[in-house]
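Just below is one structure, and these are the notes that go with it.
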Amino acid sequence: GPVEVKYSEKPGPSQVADMSKYIDEEKKTITSITGELVLDYGSGLCTLNAPKACSATGFLSKAGTIRLGPSAIRSGNEYATVLIVSLDARPLDTSAKVLVQVTTKDRPYGWKESPAIFKSSDKKTTFTGKRIDDTGAMPWNVENSDVTIALRNANLKTATLLDSNFYPAENGTLKPTVTKGIIQLKLPANAMYVVLK
């Protein structure tokens, strides 16, 4: 949320919100004061669920179908971010223009990693993770997206793939399924930006 500052000759008392009700150590979640952002640090998933934007970031393939407001997001990517946002300042379920943005893993060419086991500095705790064997070099390689989205919005009928400069891509007219006011689309593997209208 916002941090508000008021400058005056007579400063008022500082206020700090009680954060304990937003941090659930048992469920391993942290929730914003508005309730719109939830970080599940147990599963590695962060979601945004607001009237004009929905998003999921983290280990999406493990999460299955993620339902946020009028949207549903499903990804086969181990790690990705999907953002669905209204472009006309209307709520997602009535917007006439919506942007879908996808970001997947990207690594320099030649990046290599391998499974590894690490000990803490005091040698009492063992961690399982990955070791970077080679950081690679240019160019960067971006993992293809494996994302399907659905949005409950009777105004949306078409989908256009955009290039990295936000222009319609060559052969960028996509064919979503529209049924009973729900638009559903399996995004192309090279999708970074898609506009629904």
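The values are calculated or read from the model by the stated rules, or taken from the named source; none is laboratory data. Every value quoted in this text rests on a predicted model; they were computed, and no experiment measured them. Glycine also receives a Cβ, built like all others from the backbone with ideal geometry; neighbour counts cover every protein chain displayed. Surface areas here come from the heavy atoms of the whole protein model, side chains and all, with no ligands, DNA or RNA. Shrake-Rupley method; radii C 1.70, N 1.55, O 1.52, S 1.80 Å.
Cβ-Cβ contacts under 7 Å between residues 6 or more apart (or on different chains), taken from a first residue in segment 167-181 that is farther than 16 Å from V147 by Cβ to a second residue that is open to solvent by 100 Å² or more (accessible area, probe 1.4 Å) and in a loop (DSSP other than H, G, I, E, B), are listed as V178/K157.
Taken across segment 11-28, residues that are more than 13 Å from the chain's Cα centre (by Cα), in contact (Cβ under 8 Å) with a residue 24 or more places away in the chain, in a loop (DSSP other than H, G, I, E, B) and on the phi < 0 side of the Ramachandran plot do not occur at all. Please verify whether segment 55-75 includes one or more residues that are among the hydroxyl-bearing types (S, T, Y), open to solvent by 50 Å² or more (accessible area, probe 1.4 Å) and either in contact (Cβ under 8 Å) with a residue 60 or more places away in the chain or touching a strand residue (DSSP E or B) at 6+ places or on another chain (Cβ under 9 Å) (or both). Scanning segment 55-75, I find at least one residue that is among the hydroxyl-bearing types (S, T, Y), open to solvent by 50 Å² or more (accessible area, probe 1.4 Å) and either in contact (Cβ under 8 Å) with a residue 60 or more places away in the chain or touching a strand residue (DSSP E or B) at 6+ places or on another chain (Cβ under 9 Å) (or both), so the answer is yes. Taking the conditions (1) open to solvent by 60 Å² or more (accessible area, probe 1.4 Å); (2) more than 23 Å from G64 (Cα to Cα) in turn, M192 satisfies each one other than (2).
In this structure, T47 does not satisfy being open to solvent by 20 Å² or more (accessible area, probe 1.4 Å), among the hydroxyl-bearing types (S, T, Y) and either touching a residue at least 60 places away in the same chain (Cβ under 8 Å) or out of contact with any strand residue (DSSP E or B) (no Cβ under 8 Å at 6 or more places or on another chain) (or both).
Yes/no matrix, rows are residues, columns are (1) closer than 27 Å to Y193 by Cβ; (2) assigned to a strand (DSSP E or B):
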residue	(1), (2)
I30	no, yes
G42	no, no
T47	yes, yes
C54	yes, yes
R67	yes, yes
A72	yes, yes
L92	yes, no
Q101	yes, yes
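The residue that is surrounded by the most Cβ atoms within 10 Å (Cβ to Cβ), counting only those in segment 76-117 that are free of Cβ contacts under 8 Å to residues at least 40 places away in the same chain and touching a Ser or Thr at 6+ places or on another chain (Cβ under 7 Å), is S86.
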